[in-house]
Every structure is written in structure tokens, then in C-alpha cells.
Amino acid sequence: MTAHNAEPERSDSLRTFGAVYQGFRESRGFTQESLAPEIRYSSDYIGSVEQGRMLPSKRFIDRSEDVLEALGVLRKAATRLSKQRGLASWFQAWAGLEEHAITLYTYESRLIPGLLQTEAYARTLFTHQLPPLNADQIEDQWAARAERQRLLRERPNTAYSFLLEEHLFLRRTGGVEVTRGLIDHVLALAEQPNTELQVMPLVRETHAGLAGPMQLLETPENLWHAYCEAQRGGLLISDLKEVSVLQMRYARMRSQALTPEDSVSLLREMRGAL
């Protein structure tokens, strides 16, 4: 199996929790479909939890505890959950939400977002990470990233928006050949009908995103969440007022960036100049 198709190993704790959850659901006489409206999560989300494919959110566990009358067992079991190999612990909860998002917005000023990275670009980042990673850790990280990238292929009804700073391509991370491959890859993804790509030009007198990168997503239940990442951790934001502030900034940035058509033209020019 190549690295492109490798799937990150699911932890035993996630599989065990999923089995326990399924047992409670069935003992209370619910199907995944009948339980979904009771806890206000989709049957797809429930299925992913039961199969050990994602880390359940605290809200999901709390609602399930009440509806399934689990007597605190689910909450206690949840404290023993561990992340998938290759995904940082602070990113796991966001990755779970990301799998079911119907809208996903991403603004990046540091590096090309993981969903858009090529294998060569990603491996460059992993290889030069500090503290250094060993070969197995690098393979785990790429496998997890490749698994996340299937979302762009397998969720055609999800609306994706990416706002990327122009300098991310000018930096030439990994060298000229890696950058050429990266631009070709991003241009191909930008052709997908559900993917919008905009470049924030290098020279821009006003900019609503100077406070740093952000991600926003909408769940199937039409709830919005945000995620902001720093050097050694990430912050998952569900407070409506805080999410509203970030939505306002993202909307302004979309008007300040190049149009999708002009962004594609710029990337093609950059590709030709390499």
C-alpha cells in the first residue's frame, strides 16, 4: 500500500468507546436514524463514532448520556479516548467536525493548508519539524493528512473556501520542483465546482486577517464553529459571539482578496515563472 492510500490507525480506545456506545443505543431500542433527531446529530456522525473513526464532541456525549440514560458511563469512557496516530491531540476534535461539515472556510498565512498540500510539500514540513520526527512518525503524519484530504473528493456537497496569502507560494518551500507540483495541484483543486480559491495579494493596504489564520465550519445541524491554531496548540471556538467576529473578518477578507478568476491567473503566472 502506498502512502497516498494508507489510513491512520484508529486507536483501540476509539473502537472500544464506539462499541460501548452502540451497545447503549441498541439496548435502549434506538437505530442510528431514530437516535439522530433526539441528540441533534446526524446518523452519519453516530455511525462514525460507533466505528471508531472519529473522536466524539463533548456536546455529543452529554446529549447521548441524557437520551440513552447511560448513568455516566459514556462520560467516564470518553475520558480514556485517545487520538488517531498522526493527528495532534489538540486538532482531533476539529478533525471530527471537519468530516461532516457542510461548509468549510480556511484562511492561512503561515503555510499551505493540509487539505491542499501535496505529498512532497507535506513531507518537506514533516522532515524539517522540530523536535525531529523519526521515519515512522513521518509516515503516520502523512497517512493522517492523506486521509483528511479525501474530504475534498468524497464530499462534493460541502462548500470549501480557501483564502491563501500570496507569499505562501513565493517562499518555494521544498524547492522549485515541489512548488511547481504544489501550484499544479492547487489549480486542479480550484477547478472543482465546490471549491473556491482566493489569493490575498502581497501588497494590500488593508487586511482584516492580520490577527492570524482561522478556520470556520458549519455542521449539518447548521451550527458554526471556529478553530485557531498556534505553535503548540489549537483553540476550538463554539461561542456564537466569538464565531460571529471571525465570520465578519473572513467575509471582509473575501472582498479584499483577488477574485477566484484573478487568483487562478496569478497562480498560473507564478507557475510559468518558475
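Here are some notes:
- The stretch 81-196: C-alpha gyration tensor shape, a/c 1.5 cut-off, then a/b vs b/c: oblate
- Inter-probe distance in nm under a simple model that places probes 7 Å from Cα toward Cβ, at Thr16 and Glu69: 2.7
- Charge dipole (debye, nearest 20) of the stretch 156-216; +1 at Cβ of Lys and Arg, -1 at Cβ of Asp and Glu: 160
- Options (1) 64, 42, 32; (2) 62, 42, 35; (3) 62, 38, 35 - which one matches Cα extents along the principal axes in Å as calculated here: (1)
- Counting only DSSP beta bridges with both residues in the chain, the antiparallel share comes to about 50 percent.
- With each label modelled as a point 7 angstrom along the Cα→C-beta vector, the Ala273-Asp136 pair spans 4.5 nm.
- Cα-projected label distance for Asp62 with Gln231, points at 7 Å along beta-carbon direction, nm: 3.3
- The simple Förster model, with R0 at 30 Å and r as the Cβ-Cβ distance, assigns Leu111 and Ser34 a FRET efficiency of 0.10.
- Carbon and sulfur %, accessible surface of the stretch 123-183 computed with the full protein complex present, 1.4 Å: 50
- Calculated FRET efficiency for the pair Ser27/Leu202, C-beta based, R₀ 41 Å, to 0.05: 0.10
- Heavy-atom surface of the chain, accessible at 1.4 Å and reported per residue (Å²): 50
- In the elastic network of the chain, a GNM with C-alpha springs shorter than 10 Å, the most mobile of Gln129, Gln22, Gln198 is Gln129.
- Of the residues Phe30, Phe169, Phe17, the one that moves most in a GNM of the chain with alpha-carbon contacts below 10 Å is Phe30.
The values are calculated or read from the model by the stated rules, or taken from the named source; none is laboratory data. Fair warning: this is a prediction, and the values are worked out from it, not measured in the lab. Using ideal geometry, Cβ is built from the backbone for each residue, glycine included, and neighbour counts are taken over all protein chains shown. Accessible surface areas use protein heavy atoms only, side chains included; no ligands, DNA or RNA. Shrake-Rupley method; radii C 1.70, N 1.55, O 1.52, S 1.80 Å.
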